[in-house]
Number of protein chains: 2
Amino acid sequence: MARKQGSHAEITGPKVRQAALRLFARHGFAAVSMRQIAAEVGVQAGALYLYTPDKQTLLFDLMRDHMEELLSDWQVPEGCAKLALEAFTRHHIRFHLARPELVFIAYMELRNLEPRNFAVIEGLRKAYEDQLESILKRGVATGRFAVPDTKLATLAIIAMLTGVTTWYREGGRLDRDAVEGIYWDMVRKAVAVE
Amino acid sequence: MARKQGSHAEITGPKVRQAALRLFARHGFAAVSMRQIAAEVGVQAGALYLYTPDKQTLLFDLMRDHMEELLSDWQVPEGCAKLALEAFTRHHIRFHLARPELVFIAYMELRNLEPRNFAVIEGLRKAYEDQLESILKRGVATGRFAVPDTKLATLAIIAMLTGVTTWYREGGRLDRDAVEGIYWDMVRKAVAVE
DNA sequence: GTCTATAGCGCGATAGAC
DNA sequence: GTCTATCGCGCTATAGAC
């Protein structure tokens, strides 16, 4: 397919999303201007509107794609609930450490979504929580786990695991495998039958 | 002390802080304008500057006062590490559930602080984390707790407990005491010697 | 596809009347 | 202590040249 001089749509589109991702994560959606994003990409502000209808959609697309990838990347293992819980724990940490900026945005910018967009993201988030809760329920039903309230335990575990993104830094004291192991140890014990 | 007609400094000052608290928590610091705050208080935008030098200070004062109260409200119990950990857990949940808006702001608006203000808040946050870590270290030293890494466990526990503010609603399925008990059960088991 | 220019608006903060 | 008025600026989004 022929390409006009100065035409870089295939490159510039992703670069716009990438720049928005970095700046939203660093400064927050409301604090970032379209001019800043354009400067990061290396185009004029007006040119951004070739790649997104508006600033809100830029945010929503980042969050929706992130949540959909989180869900599609994960398959509940069938067998033993304990193995499923370990797989969930390790996958959650791996997935979140691999894309800290998206995680941060998906967590912090919910209130900047328009109501319709918010509902979509909340639905995806709920679906993800249900994955963990079903594992906990399974373990409780088979007597492998002891949790007083599966819904609350689901939220507590996800909060604990997601917190890893607030302090983990590449090249720090612990590598990713070590972090996974330590968190799994705490999760395992927290739901254990005494 | 005589009061001029139309003078309401003793009332308006706190109302400004209160309005800023509500609006920052709901929409985020960067998304809230001084005009919105003024409208909430029932004065004109210019009048706000009688009570704060600028918008940044309004945010910083809310966060600093919150963190200082969090610290001053808490005294580490001397004796048994397990009792100290239970006291910390229950106090953390009680304190956070009692002021969800301040908690939300202290957590979400760190990146909107100027560097000097950020350093102050980070210092207070670190001091609070140290309270919990010292309890965990004490328990590990006396063989009451088994945690592979006290620093990581500190952050994991705080993340888990603070997460309660994201879902707890007054008048919901569980009251505050029940929530405290359930979280304490998970924390207790997570650090337990097997 | 990207540019320049700009419409139309809201912002934080200040000045000065009352 | 609060008001009105305003400065100077930056914002999102669009129009139209190239």
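The values are calculated or read from the model by the stated rules, or taken from the named source; none is laboratory data. All figures in this text were calculated on a predicted structure; none of them were measured in a lab. Every residue, glycine as well, gets a Cβ built from its backbone with ideal geometry; the counts of neighbours run over all protein chains shown. Note: accessible area is taken over every heavy atom of the protein model, side chains too, but ligands, DNA and RNA are not part of it. Shrake-Rupley method; radii C 1.70, N 1.55, O 1.52, S 1.80 Å.
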Rounded to the nearest 10 Å², what accessible area does B:His91 show when all protein chains are kept and the probe is 1.4 Å? 20
Using modelled amide H (1.01 Å from N, peptide plane; none on Pro or chain starts), what sits under 5 Å from the amide H of A:Ala146, excluding residues fewer than 5 places away? A:Ala192, A:Val193
Rounded to the nearest 100 Å², what's the accessible area chains B and A bury against each other, both chains counted, probe 1.4 Å? 3100
Stokes-Einstein D for region B:10-133 (37 °C, 0.692 mPa s, Kirkwood Rh from Cα pairs), in µm²/s, comes to 209
Separation between Cα centres of region B:143-167 and region A:55-128, rounded to whole Å: 22
Computed accessible area, B:Glu10, all protein chains, 1.4 angstrom probe, square angstrom: 110
Dipole size in debye (nearest 20) for region B:58-190 around its Cα centre, Lys and Arg Cβ +1, Asp and Glu Cβ -1? 500
Placing +1 at every Lys and Arg Cβ and -1 at every Asp and Glu Cβ, with all other atoms neutral, what dipole size does the protein assembly as shown have around its Cα centre, in debye to the nearest 20? 540
Size of the protein assembly as shown as Cα extents on the principal axes (Å, biggest first): 83, 60, 40
When the accessible area of region B:58-190 is split by element with a 1.4 Å probe, what percent falls to carbon and sulfur? 54
FRET efficiency, A:Cys80 to A:Asp177 (Cβ-Cβ, R0 30 Å, nearest 0.05): 0.85
Quick one: length gained pulling B:Asp61 to B:Thr142 fully straight, 0.36 nm per residue minus the C-alpha distance? 25.2 nm
